[in-house]
Structures are given as structure tokens and as C-alpha cells.
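One structure coming up, written as C-alpha cells, with questions to follow.
The values are calculated or read from the model by the stated rules, or taken from the named source; none is laboratory data. Quantities reported herein were computed from a predicted structural model and do not represent experimental measurements. Here the Cβ positions follow ideal geometry from the backbone for every residue, glycine too, while neighbour counts run over all protein chains shown. With ligands, DNA and RNA removed, areas are computed over all heavy atoms of the protein, side chains included. Shrake-Rupley method; radii C 1.70, N 1.55, O 1.52, S 1.80 Å.
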Amino acid sequence: MSPGPDFFLAVNYPWLSYGRDFGVSPWGYSGVAVPESRDAVAIDFARIRSSGTSVVRWFLLCDGRSGIRYENGIPAGPDDSLFNDVAAALAIASDAGLQVCFSLFDFLWLTIPDKPDPAFPGRAALQFAGGREALLQKILVPLLRQFRRHPALFAWEVVNEPEWAIPDFQRSAQAALPLADARAFFADVASAIREEAQVPATLGSARLSWMRAWSEIGLDQLQAHYYPQTERDQSQSFAEQLASLANLALPFWIGELPAHDPGTPGYSLEAALCATQAAGAAGAGVWRWRPPEEGGGDVAFGFVQPETLLAWSAGGAKHPTEFSV
């Protein structure tokens with residue numbers, strides 16, 4: 001099975017360096033507008049496009065370490081490099097014939113820090129309503145306006161996997177954001193995307209079974225991530241879980257599928273892509289393009305080979321739509 005005209009293939013290009021691709025961090029500047037970074041991205045994007053991929057998903061503010069000026073730990077405005085780096089990324093994407101889904105910030109920024117870090121004054125900025133409102137009004141709204149209707153934008157993603165910071169979904173010492181507060185904040189961000197950017201709004205839910213929690217906050221696209229290892233508590237197979245989404249009122253896509261999963265016998269990226277398309281999803285994104293960092297939490301999942309994507313997108317092989325979990 002190969003992608004039809006209504007199914008897009010994406011890859012996660014999560015970062016060159018986590019949280020440091022856009023703007024200046026407390027530890028220096030290595031943003032996309034730096035010639036060395038720009039050249040590296042341009043080479044990658046050319047290869048991504050040649051693999052049959054049309055969308056790149058890229059983390060932007062991450063945990064708030066870069067791109068933001070802070071006053072007393074509260075976002076006060078974008079720094080002098082943030083917009084230049086975003087513009088550089090979109091220009092590279094345009095040149096390569098790609099579109100970008102920027103994930104505005106990561107769930108880590110919503111969690112309680114282990115301890116204060118004097119070098120990172122904004123790490124706890126989203127722990128209270130005033131900080132979240134400052135992020136929206138001082139950073140996100142100007143960003144959305146600056147790149148309003150940019151042709152290289154596929155979507156703005158409100159947040160990546162917020163459930164890991166919300167105790168209603170999972171219990172941990174770091175997860176303390178009430179679901180009601182999360183829904184209200186994410187709805188405000190989605191509204192700003194619609195009004196200021198005129199680009200689709202999505203949200204990267206950590207699990208298929210959690211995606212419906214965000215179906216009524218004003219998104220244009222629902223999105224969920226699928227890792228067999230996090231689905232051990234599910235009695236349904238991947239295909240069965242996808243089939244249960246048939247009555248959704250909004251289009252949905254799978255934002256992350258692991259390139260490999262050695263802990264799951266029979267897992268096949270090609271089969272997962274086929275199952276996703278067969279279920280009527282709008283598209284699917286593979287985690288990830290660049291090799292994971294040594295010691296990172298996703299090392300076991302590896303990275304995707306361009307040849308794998310090209311073979312699937314060209315329909316060069318037939319694959320089953322199911323695998324064992």
C-alpha cells in the first residue's frame with residue numbers, strides 16, 4: 001500500500017539540539033539561522049523530500065530554554081533570534097518543497113522542575129496561570145502573526161504530549177497541571193492559531209486512547225502518537241484502536257510511529273503505516289529522522305532510513321496491516 005492523494009507521509013525532525021534550534025539559550029546560540037545549522041538542515045530536508053515525505057514535525061520552544069526573554073521568570077517577549085531562526089527554517093522547507101508542523105512547546109515545560117536552575121529562569125514559567133498567559137500573549141501571538149499564512153506551514157501544534165504533565169492521565173511527582181487548566185490554556189492557544197495564524201491547529205496527544213480528551217478545544221486536526229510499549233494495558237491491537245476512531249468529528253493523524261521497536265515482536269513500520277492509512281487517517285509521521293542522541297530515552301527506536309520511506313511511498317512492497325504487541 002502506498003500513500004494516496006489524501007494521505008501524507010511525515011517525519012519527525014525533532015531537533016538538531018533539544019530546545020536550542022530557535023533562539024538563544026543560557027548556554028549559547030546555535031539556532032537554525034547559523035550557517036552551520038542552516039546547511040545541516042538543508043541537506044537533511046533535501047533527503048527527506050527525496051524519500052517521498054511531504055511534512056516535517058519540528059519542536060520549537062521545547063521546555064522554554066531558548067528564544068524567550070524573561071523578567072522575574074515570566075516570558076516578556078521573543079529574543080532577538082527567535083523569529084530569524086523560524087524564518088530560516090521555513091525558507092529551507094520552502095526550498096525543499098516541504099511543509100513544517102511546529103510543535104510550539106513540550107510537556108516538559110508543564111511539569112514541575114526537579115529543582116530551581118539559576119541559569120534557566122523560565123523553567124517553571126508555566127506552573128501558574130499568569131505565566132501561561134504571558135507565554136500566549138508575549139510570545140505565541142507575535143509568533144503566529146509574524147508567520148501568518150506562511151505557505152511552508154502545515155500546522156501549528158499547541159503542545160507535545162501534554163498528558164505526561166497532567167495527573168488525570170498519569171501519576172508522578174512532576175505531573176500537577178489540572179486537566180481543566182490544561183484544557184482552558186490549550187483552547188486559548190488553539191483560538192490564537194485560528195485568529196492570528198490562519199493555519200490549522202493540532203495537538204500531539206501521547207496515546208490514541210487519550211486523543212478524544214482534546215476533541216472539543218477548537219483544534220482543526222486531532223493527532224496521537226503510537227508506541228507499542230506504552231500500549232501494554234490495551235486489549236485492542238493497533239488496527240482495532242484505529243478502527244475505534246471512525247466516528248471522530250475531526251480529521252486525525254498519527255504524529256509519531258517508531259521507526260523500530262525491538263521490544264515488540266513483529267512490529268513493522270511499514271505495517272503500521274499501512275494500518276494507519278487503511279483506517280482513514282489523514283497521514284502519519286515517523287519518529288525519527290536524525291539518529292537519537294546517545295543516552296536518550298528513544299535510542300531503542302532508532303531512526304528511519306530514507307530507503308524505507310521511499311519504498312513505502314512508492315508502493316514498492318505490500319505489507320500486512322497488523323502486528324503482534
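Within the stretch 250-270, track down each residue that is farther than 14 Å from Ala224 by Cβ, modelled with pLDDT of 95 or more and surrounded by fewer than 20 Cβ atoms within 10 Å (Cβ to Cβ).
His260, Ser268, Glu270
Follow-up. For the stretch 97-124, name all the residues that are surrounded by fewer than 22 Cβ atoms within 10 Å (Cβ to Cβ) and aliphatic (A, V, I, L, M).
Of everything in the stretch 97-124, those that are surrounded by fewer than 22 Cβ atoms within 10 Å (Cβ to Cβ) and aliphatic (A, V, I, L, M) turn out to be Leu108, Ile112, Ala119, Ala124.
Residues of the stretch 271-301 being open to solvent by 30 Å² or more (accessible area, probe 1.4 Å) and either touching a Leu at 6+ places or on another chain (Cβ under 6 Å) or in a strand (DSSP E or B) (or both), which ones?
Ala279 - this is the single residue of the stretch 271-301 that is open to solvent by 30 Å² or more (accessible area, probe 1.4 Å) and either touching a Leu at 6+ places or on another chain (Cβ under 6 Å) or in a strand (DSSP E or B) (or both).
Being at negative phi and either within 19 Å of the chain's Cα centre (by Cα) or assigned to a loop (DSSP other than H, G, I, E, B) (or both): is that true of Gly122 here? Lay out the reasoning, then the answer.
Values: at negative phi: yes; either within 19 Å of the chain's Cα centre (by Cα) or assigned to a loop (DSSP other than H, G, I, E, B) (or both): yes.
Spelling it out, Gly122 is indeed at negative phi and either within 19 Å of the chain's Cα centre (by Cα) or assigned to a loop (DSSP other than H, G, I, E, B) (or both).
Can you find a residue in the stretch 126-141 that is small (Gly, Ala, Ser), at positive phi and either surrounded by fewer than 19 Cβ atoms within 10 Å (Cβ to Cβ) or at pLDDT 95 or above (or both)? I'd like the intermediate steps shown before the answer.
Filtering the stretch 126-141 down to residues small (Gly, Ala, Ser) leaves 129-131, 134.
Filter again for at positive phi, leaving none.
Within the stretch 126-141, not a single residue is small (Gly, Ala, Ser), at positive phi and either surrounded by fewer than 19 Cβ atoms within 10 Å (Cβ to Cβ) or at pLDDT 95 or above (or both).
Right, next: Could you say which residue among Ser66, Ser94, Ser17, Ser54 is under 21 Å from Trp156 (Cβ atoms), surrounded by fewer than 17 Cβ atoms within 10 Å (Cβ to Cβ) and under 20 Å from the mean Cα position of the chain (by Cα)? First the steps, then the outcome.
Details: Ser66 fails: surrounded by fewer than 17 Cβ atoms within 10 Å (Cβ to Cβ); Ser17 fails: under 21 Å from Trp156 (Cβ atoms); Ser54 fails: surrounded by fewer than 17 Cβ atoms within 10 Å (Cβ to Cβ).
Only one candidate passes the filter, namely Ser94.
Is it the case that the stretch 237-256 has a residue that's farther than 22 Å from Phe8 by Cβ and in contact (Cβ under 8 Å) with a residue 40 or more places away in the chain?
yes
Of all the strands (runs of 3 or more DSSP E) wholly in the stretch 1-100, which have at least 1 residues that are of a type in the set (Lys, Arg) and free of Cβ contacts under 8 Å to residues at least 12 places away in the same chain?
Working: elements: 8-12, 55-59, 68-71, 74-78.
By residue number, 68-71.
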